[in-house]
Amino acid sequence: MLSGYYGEPVALAMKIIVKVGEVLGAEKLIKVGHVHISGVSYSNIGEPGLRFMEKLLGPGPEVKVYTTVNPTCIDLGGGIDLFDKSLLPGQLRINKLLESIGVKPVYTCIPYVLRKPCPREHLAWGESNAVAVANSIYGAYTNREGGPLTIASAITGRTYYSGLHVLGNRVPRYMVSVEEPILDEAMASLLGLYIGEAVKDIPYLRYGGVAGLLQLKELLASAAASGSHGLIVIDGITPQGTYGMEERIEKLVVDWSVLRETYDRWSEPLELEGYTLAYIGCPHYSLNDIVHLVKMVSRYRRVRDNVFFLLTIPYSYYGSLDGYIDVLRSRGIHVAYGTCPIVSRFTRGFDKVLTNSGKVLFYLSRLHGLRVSLGSLKDIVEVVMEK
Ligand code: F3S
């Protein structure tokens, strides 16, 4: 591949992987079972990014491995005017390019719902929340890759053997103990934001009670946003044998006061104000999450005036969940496919954002300067809908 036998784009892709591997001291390259491409939003990468992709994907290499792709900057369902439609032509050029080499047009950040990774399986995934879920919940091995490297892995089927691909690097250095059970996504998000800020190495997390996948994915997404964590070893969840343990480990106890202080520092009170965006679906909602939401909102009449209630879900669900989507739309909830507010551009402004995602809180408040309130799904629905 490196010699150019399979063509210039494959040689260029291999050169990128080899170079990164050399810089990181990798002893070899390895095959990967699934690539997830990130960094495909035209709003984020613009014409320079698109031109780079055209160069790399030039005259048609094919993907060598099962490859999925992250959300775009437009609603691929086409029904919502909130997202800037002037970005449509550029985004469609990117999508066409990716699909022409065999990338599955799923446009979602929860690729593990479409193909569940196996313990110890090597992956090359971009998208921080997906990487954290793959490593921490499924026990797969992946670093957090940038967009160009994921494309290079897709067309070579390889990545470099370094970082979280190596068992010896998957060793927690901090024991984080939470006395209380993780009650909902808001608490999970706060814990994730706190761990991301306070713990600078791989944590081992213990908490009281059980938490569902929705809570765990909010926790991992939040920690990956505030602290770039690609792996949190979770007691009773992370498969045995996919991480190492050392005897001496620093201990950190988290109680309500720590979470309260994190909430006060990050979040506005959960109240409506002016024109409000209620946003859920970061990370994208899975079928189970959607069914849970449908059951919850069925008890309400509709969304209050002056509130734009947005849910984002994978494009791969387009056309297959119409019964559920109809219920949501009948209540005034907008459902967007294959996109999210963080990788897109809005056509209107909001006075406040309510969300159940710590990752959204992090990006929209810290990076975009918006006023954001964190709450559980149940509390947000209670505030923004009327009976
Ligand atoms: Fe997914 Fe967008 Fe959140 S890509 S993880 S919904 S920021």
With each pseudo-label sitting 7 Å past Cα toward Cβ, what's the Arg371-Glu62 distance in nm, one decimal?
-> 5.6 nm
To the nearest 500 deg cm²/dmol, what mean residue ellipticity at 222 nm is calculated for the chain from DSSP H runs of n ≥ 4 alone, each contributing -39,500 (n - 2.57), summed and divided by the residues?
-> -10500 deg cm²/dmol
Compare the Cα positions of Tyr207, Ala336, Thr262 along the charge dipole of segment 198-355 (+1 at Cβ of Lys, Arg; -1 at Cβ of Asp, Glu; about the Cα centre) and return the one farthest towards the positive end.
-> Ala336
Given backbone amide H placed at 1.01 Å from N, residues whose amide H is under 5 Å from that of Arg371, ignoring those fewer than 5 places away on the same chain, are Val353
Sort 341-351, 186-196 for me by packing, meaning the mean count of neighbouring Cβ atoms within 10 Å per residue, highest on top.
-> 186-196, 341-351
For the pair Lys31 and Arg173, what calculated FRET efficiency results from E = 1/(1 + (r/R0)^6), where r is the Cβ-Cβ distance and R0 = 25 Å, to the nearest 0.05?
-> 0.25
Evaluate the charge dipole of segment 55-113 about its Cα centre and quote only its size in Debye, nearest 20, assuming +1 on the Cβ of each Lys and Arg and -1 on the Cβ of each Asp and Glu.
-> 240 debye
Inter-part distance where segment 112-180 and segment 20-95 are each reduced to a Cα centre, Å | 18 Å
Under 14 Å from the Asp201 label point (7 Å along Cα→beta-carbon), backbone N, segment 165-179 | 168-176
Taking 0.36 nm per residue of separation between Thr347 and Lys96 and subtracting their Cα-Cα distance, the length gained on full extension comes to 87.9 nm
With no solvent and one point per C-alpha, what does the Debye sum give as log10 I(q)/I(0) for the chain at q = 0.11, 0.12, 0.14 Å⁻¹?
-> -0.78, -0.92, -1.23
Would you mind checking the radius of gyration and Dmax of segment 139-239 based on alpha-carbon positions, in Å?
-> 14.6, 46
Using 0.36 nm per residue of separation minus the Cα-Cα distance, give me the extension gain between Trp256 and Ser298 in nm, one decimal.
-> 11.9 nm
Could I get the Rg over Rh figure for segment 283-360? Both from C-alpha atoms, Rh via Kirkwood, rounded to two places.
-> 0.94
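Evaluate the relative contact order of the chain (contact order divided by residue number), counting alpha-carbon pairs under 8 angstrom at least 6 apart; express in whole percent.
Normalised by residue count, the contact order of the chain is 20 percent.
Taking the Cα centre as origin and putting +1 on Lys and Arg beta-carbons and -1 on Asp and Glu beta-carbons, what dipole magnitude results for segment 112-241, to the nearest 20 debye?
Dipole magnitude for segment 112-241 comes out near 560 debye.
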Put a dot 7 Å past each Cα toward the Cβ at Ile237 and Glu382; how far apart are the dots in nm?
-> 2.4 nm
Each label point is 7 Å from the Cα along the Cα-to-Cβ direction; what then is the distance between the points at Ser330 and Glu268, in nm?
-> 3.3 nm
Only Lys, Arg (+1) and Asp, Glu (-1) charged, at Cβ; the chain dipole about Cα centre in debye = 780 debye
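Read-outs: derived from the displayed coordinates by stated rules, not from any lab. This one's a predicted model, so the numbers in the text were calculated from it and none came from an experiment. Using ideal geometry, Cβ is built from the backbone for each residue, glycine included, and neighbour counts are taken over all protein chains shown.
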